[in-house]
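The values are calculated or read from the model by the stated rules, or taken from the named source; none is laboratory data. Just so you know, these numbers come straight off a predicted model, no measurement behind them. Because the Cβ atoms are built from the backbone with ideal geometry, glycine has one as well, and the counts that use them run over all protein chains shown.
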Amino acid sequence: MSEESERTTNPSAPPPCPTVTQRDQWMVESQVFQIYQLFATIPRNAQTLMLELQRDNHMQYLSKGLRHLGPAFSVLDANRPWLCYWIFHSIALLGESVDDELEDNAIDFLNRCQDPNGGYAGGPGQMPHIATTYAAVNTLITLGGQKSLASINRDKMYGFLRRMKQPDGGFRMHDEGEIDVRACYTAISVASVLNILDDELIQNVGDYILSCQTYEGGIAGEPGSEAHGGYTFCGLAAMILIGEVNRLDLPRLVDWAVFRQGKECGFQGRTNKLVDGCYSFWQGGAVALLQRLSSIINKQMEEASHEKESSDGHEGTSESSSADFKDIGYKFINEWSAQEPFFHSVALQQYILLCAQEQEGGLRDKPGKRRDHYHTCYCLSGLSLCQYSFSKRPDSPPLPNLVLGPYSNLLEPIHPLFNVVLERYREAHEFFFAECDH
Ligand SMILES: CC(C)=CCC/C(C)=C/CC/C(C)=C/COP(=O)(O)OP(=O)(O)O
Ligand SMILES: [Zn+2]
């Protein structure tokens, strides 16, 4: 008899010994609820203060990070384009900029990470990697301007992406590196935004990502692994960008993703794991993308109910929209319509502002964890998605009641497929689609 059923038949039996996972979960719940309880009991003006986005302190923390980006910063030596992206994107989300000299230095530094045969490495002289390539390209788009955008060698980039491409549809992260859904997304995102996406690059990508959708509905890093928020965002965004999102089982994906938002108000990355601020973007972002796919989701649900009624071998949503895949990222934001979010957007803002924000600047995973630039970037990206989640247009200012805390908390809107600030995306789109004749 299990401990649980023994307790049901004999209430005086000793309580079952909690698992490590249960203990960790209760600890997090207790920390989070203490914060919410304190918040509920303080006067209204103190509540407003508690909910305020600490813009100046975040900027101070980010500026300090930028100063450390020089050669002396060796701890994350293979990750420097990522640090650039996390910091510059966070600054752009806050609607701020840095001085010209710093921007120039960043462009020059990224240029030194660019491989002569295409793609960007984690540092000068290292091997090019698709993830650092994505980080470098998104940073250069975020910095914007002729010098920054023109520094990307698109022809060589195309060659690099083709070399990473696998016959089964996936991409390798680097020469002889791992093949996973992250590599698919970063490759497709870069190719799409630079206007070098073609039939060869997208061939079989949909098959590979489809093989990673699990029985739970979410998407795993590789076939046979566990569904995870990070990979779910990557898989879903890549499927949208190649025009094959209708091949995923979307109702099941919605079902898995929305239930990853828990009683702590934030998202967890996997079933039975702990809440974490960075999933505000990975899971929140996936749910925000699903919100824009209502018509396909409804169609899939209708087809499923017809299939139940008649078992005449109907094959599900089979129409392919892939012919026009080159500019899907742009159409995605232009065909926007007002839709209610599929997640609790105010609750998520509450988690980010009260539990993931450090008052002294920077954002974090959860209470008790330290701030870092990765969590600062993805908590702010998630916060921006929440603030605009009801908007009629991707950048129309939200009503004050949809922005938790003072309205001055409002961040810049992002393009949800690429995670760059929308205005910077538009500039890059004009540059790569109007001026370049690839
Ligand atoms: C664009 C790009 C490169 C995207 C990366 C996407 C991403 C965040 C993937 C997650 C990686 C991973 C296995 C985390 C699990 O960590 P864990 O076991 O420590 O966390 P958990 O307990 O929350 O699952
Ligand atoms: Zn995290």
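Points to keep in mind about this one:
- Residue within region 126-135 that is assigned to a helix (DSSP H, G or I), away from ligand 1 (no atom under 16 Å from the Cβ) and within 25 Å of the chain's Cα centre (by Cα) present: no
- Condition broken by Ser189, with the remaining ones in (1) surrounded by fewer than 23 Cβ atoms within 10 Å (Cβ to Cβ); (2) within 20 Å of the chain's Cα centre (by Cα) satisfied: (1)
- Residue ID - nearest to ligand 2 (Cβ to nearest atom), chosen from residues in region 396-408 that are crowded, with 17+ Cβ neighbours inside 10 Å and on the phi < 0 side of the Ramachandran plot: Leu404
- Some residue of region 125-138 being more than 16 Å from ligand 2 (Cβ to nearest atom), small (Gly, Ala, Ser) and at pLDDT below 95: yes
Yes or no, residue by residue, for (1) farther than 24 Å from Gln357 by Cα; (2) free of Cβ contacts under 8 Å to residues at least 24 places away in the same chain; (3) more than 15 Å from ligand 1 (Cβ to nearest atom); (4) out of contact with any Cys (no Cβ under 9 Å at 6 or more places or on another chain):
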| position | (1), (2), (3), (4) |
| --- | --- |
| Cys234 | yes, no, no, no |
| Ile240 | yes, no, no, yes |
| Gly266 | no, no, no, no |
| Ile297 | yes, no, yes, yes |
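- Verdict on Tyr351 being within 16 Å of ligand 1 (Cβ to nearest atom) and over 17 Å from Glu52 (Cα atoms): no
- Exclusive hit being of a type outside the set (A, V, I, L, M), surrounded by fewer than 22 Cβ atoms within 10 Å (Cβ to Cβ) and in contact with a Ser or Thr (Cβ under 6 Å, 6 or more places away or on another chain), set Pro223, Pro167, Pro251: Pro223
- Check on Tyr215, buried (at least 18 other Cβ atoms within 10 Å of the Cβ), more than 9 Å from ligand 1 (Cβ to nearest atom) and among the hydroxyl-bearing types (Ser, Thr, Tyr): no
- Qualifying residue in region 263-277 (condition: buried (at least 24 other Cβ atoms within 10 Å of the Cβ), within 11 Å of ligand 2 (Cβ to nearest atom), modelled with pLDDT of 95 or more and charged (D, E, K, R)): yes
- Residue that is nearest to the chain's Cα centre (by Cα) [pool: residues in region 356-380 that are within 15 Å of ligand 1 (Cβ to nearest atom) and either assigned to a helix (DSSP H, G or I) or surrounded by 24 or more Cβ atoms within 10 Å (Cβ to Cβ) (or both)]: Tyr378
- Of all residues in region 381-393, none are without any contact (Cβ under 8 Å) to a residue 24 or more places away in the chain, assigned to a helix (DSSP H, G or I) and over 16 Å from Gly95 (Cα atoms).
- Long-range neighbours under 7 Å by Cβ, at least six apart or interchain, first residue of a type in the set (Ser, Thr, Tyr) within region 154-171, second at pLDDT 95 or above: Tyr158/Ile196
- Of all the listed residues (Ile209, Ile188, Ile219, Ile202), the sole one being in contact with a His (Cβ under 9 Å, 6 or more places away or on another chain) and at negative phi is Ile219.
- The listed residues are Leu53, Leu69, and the only one of them that is touching a Lys or Arg at 6+ places or on another chain (Cβ under 9 Å) and surrounded by 11 or more Cβ atoms within 10 Å (Cβ to Cβ) turns out to be Leu69.
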